[in-house]
Structure formats: structure tokens, C-alpha cells
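Have a look at the structure below before the remarks.
The values are calculated or read from the model by the stated rules, or taken from the named source; none is laboratory data. Keep in mind that what you see is a predicted model, and the values were worked out from it rather than measured. Here Cβ is always computed from backbone atoms with ideal geometry, including for glycine, and neighbour counts include all displayed protein chains. Just the protein is used for accessible areas: all its heavy atoms, side chains included, with ligands, DNA and RNA removed. Shrake-Rupley method; radii C 1.70, N 1.55, O 1.52, S 1.80 Å.
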Amino acid sequence: MAARLFPRETLKQRCAVAAVVAAAVIGLAPLAGPLGQTAYAAGQAPEERAQPLSDPVLEARALALGRQLRCVVCQNQSIAESNAELAHDLMNEVRSMLRAGKSEAEIIDFLVARYGQFVLFKPPFDGRTLLLWVGPFLLAGVALWGLWAAVRARNRQAGIPPLDEAEKARADALLADEPLRKDLR
Amino acid sequence: MRWKYGLPLIVFAGLVLLFAFGFRLDPREVPSPLIGKAAPLFSLPRFVDPQSQAGPQTWQGAPYLLNVWATWCVSCRQEHAYLLQLKAQGVRIIGFNYKEVRGDAQLDARQMTVQAETEFAWQRIGEWLRDGGNPYADLVVDLTGRTAIDYGVYGTPETFFIDGAGVIRYKHIGPITRELWEKSLRAKWQALQGGQ
């Protein structure tokens, strides 16, 4: 008979599993967040007060840049998607800077100097954002370690002895899907 | 191994601490990167005489509050009476009118000429100051909102605390109330007097 994965559920084990699941959910939640937001923001109404550039290539660059910049008024929309007044003003500012021959990096620096790193949907990887970037992986790692430790402790508690040589050989045979000898069946 | 029983409790306590801290933060308050930097220079028309211009270079020498407002802004109406009291206490407040006409959601300024927009803005500001009183030592008008971008303005009212050397020391987002002034803002204002 196969060893049950959950031989005897004690309170302790349930608590351990619950803690592991909670840690995993919290650790992975930040990864799910941005995906949901983008999908939502894409369905918003088009701009009204935009002053698009006549050059389609430049306008495409302006919109691509605008989508990376957070609107500080509505916060979960980019300035390219938002209908807030300030978002229109900032988009038009981005357009006029592009028309003046400014690079994407210069425009991003311009906005960060005024509104802070908050305007960047993708914050830079530096000392202050280390936890933001590494945190989810760290938590997921802790959760996996907890799961492994809990399963191991459970097996030990359930009194399942390690396999001896003969059992090991039989397990190998089973796994290799070889026909079994009659006396072992 | 009995300590493991307490593990969920420890995790829970950690979450409570995290949330107790996190939910007190207001995500609408975006910290300004301009604190500690010189107030960006500009020249905008003065309300008293549209032909003359003023900016931080005009006002430096003594600390002041740069109060960003508009007549269409409801919270500005709310703080206006208290600004008058602050003026009476000797606080030097410089007004910065933000997008008086085109910022008003009830109006469509796209149909207006610049001339008409200017006249309409001056009329509205004039009525406001006549009816509600004038707390401002000087008042400039930013019709397009372009200068406000240099200050990272994203709403009204906002108030910059600028010292005598022209350095931005603090930014307050939202209306100034008596409670806020007495609790924290007065100390920020007084700190400006010493730092030159």
C-alpha cells in the first residue's frame, strides 16, 4: 500500500501548511498585481484633449513612453491612458519634448525630477527598491523551504522507515515499469 | 518543538504590524523630489498688474508659503478663511493661481481665445478676492499650468514652504486647516525663519 501523502493530520501540521500557503500567496501577489492593472487600464475611453503629433512615428514613441509613466492623479493609469487633465498636460509635454529632439531617457529624467520615482511604473533596481524586486522571490523561497520541512517532519512523525536495499531495488523496478516477479507482487 | 504552535500567531502579528503601518500611509500623497532644492525659477504675470511679472527671484529674502489654488477648487475655498487668519498672524503667503479657466471641468476653454481666457480668469479671481478676502502678499497666474509642472503640482491646493534663500523645505498637499497648522505646519513654518 502506498504511503499516504497526509498520513495523520495533526493541528501542528495544518498550521504549518496554512502558514506556508499564506506566505506563498502574499509572496506571489505583487507579481499578479501589475498584470491585472494593465488589462483594466487598456479598456478606458480614448483621450479627448490630446494633441497628437502629425508624425506617426513620433506619436507612437510618445504613446509608448506615456504608457510607462504613471498618472499621479489617478495612480493606476498611465498618462497615455488616463483622461485626467494633468495626464493630458504631461502627454502634451512629452510630445513637445520629443518634437524638440529630446531622448526617452531625458524625458523620463524630466518627469522624475518633478514628480519623483513614483511616476515610473517600472521602478529602477536600486537600494531602495531592492525589497520590492527581490521580496516576492524571497518569500516564495521561504514558503518552499517551509513546505519541504513540513513534509519531511510529517514523514518522520508518521514513522515511515527509510527503504532498505531490497525495497529500493523494487521501487526502482516499479518506476522503470519492468515486469515484476511473482513473489514480489 | 512546541513553539511551532505559535508560528501562525507570529505570522498574524507580523501582518497586523505591517497593515497598521501601511494603511496609515496615504497613497494620494506623492512625496516631492523637490524638497531641499531651490524653487524652480519662473516669471508669471501678477494679478495686480498683468503687464508685470514675478517669480521666486522676486520673493526671495524672506520665507514664504507658495499656495497653489484656483477658484474652481472646492478645498481651496475651505482653506481660504484660514489663510486669511495666517496672514493676520504675519505669515507671508504668495498665491499661485493654477489653470483658472482651463482647469475648470465645467468650462470648455478650447473655444476661447487667449485674450478671452485671460480676461475671464482675472474677472473670476477678482470676484473671489473681493468676496472672500485676499490673504496673498503677491499673486501670480499660471493660465496653462506649464509652470506648475516644474513644481510637480498634481492637484489643488498644494502649499510649498520656501525659506529666505529660496529653497523648498516642505510641501503640503491638501487644504491647510487650523488643526494641521497647530499640529505640524506651524513648526515647519517657524523652522524656515532660522534656516537661511
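Values as computed for the structure displayed
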read-out	value
Breaking point among (1) assigned to a loop (DSSP other than H, G, I, E, B); (2) open to solvent by 10 Å² or more (accessible area, probe 1.4 Å), for B:K171	(1)
Out of B:L107, B:L129, B:L139, sole residue that is modelled with pLDDT of 95 or more and not in a helix (DSSP H, G or I)	B:L139
Residue in region B:134-154 that is surrounded by fewer than 20 Cβ atoms within 10 Å (Cβ to Cβ), within 14 Å of another protein chain (Cβ to nearest Cβ) and more than 16 Å from the chain's Cα centre (by Cα) present	yes
Filter result for the condition that a residue is under 17 Å from the mean Cα position of the chain (by Cα), in contact (Cβ under 8 Å) with a residue 24 or more places away in the chain and not in a strand (DSSP E or B), over B:R102, B:R77, B:R124	B:R77
Selected residue [more than 14 Å from chain B (Cβ to nearest Cβ) and in a helix (DSSP H, G or I)] from A:G146, A:G141, A:G135	A:G141
Residue that is least open to solvent (accessible area, probe 1.4 Å) [pool: residues in region B:155-165 that are away from chain A (no Cβ under 14 Å) and of a type in the set (G, A, S)]	B:G164
Residue, farthest from the other protein chains (Cβ to nearest Cβ), within region A:104-113, restricted to residues that are open to solvent by 50 Å² or more (accessible area, probe 1.4 Å) and not small (G, A, S)	A:E104
Residue list for region B:7-33, filter: more than 9 Å from chain A (Cβ to nearest Cβ) and open to solvent by less than 40 Å² (accessible area, probe 1.4 Å)	B:G14, B:G22
Yes/no for A:A80 being among the aliphatic types (A, V, I, L, M), assigned to a helix (DSSP H, G or I), closer than 28 Å to B:D108 by Cα and open to solvent by less than 50 Å² (accessible area, probe 1.4 Å)	no
B:G36 being within 14 Å of chain A (Cβ to nearest Cβ) and of a type outside the set (A, V, I, L, M, F, W, C)	yes
Any chance B:T177 is of a type in the set (S, T, Y) and at pLDDT below 95	no
Within region A:124-163, tally of residues that are at pLDDT 85 or above and open to solvent by 50 Å² or more (accessible area, probe 1.4 Å)	15
Test for A:D89: is it free of Cβ contacts under 8 Å to residues at least 12 places away in the same chain, open to solvent by 60 Å² or more (accessible area, probe 1.4 Å) and under 28 Å from B:T156 (Cβ atoms)	no
Number of the exception - B:V48 against (1) surrounded by 10 or more Cβ atoms within 10 Å (Cβ to Cβ); (2) outside any loop (DSSP other than H, G, I, E, B); (3) away from chain A (no Cβ under 12 Å); (4) hydrophobic (A, V, I, L, M, F, W, C)	(2)
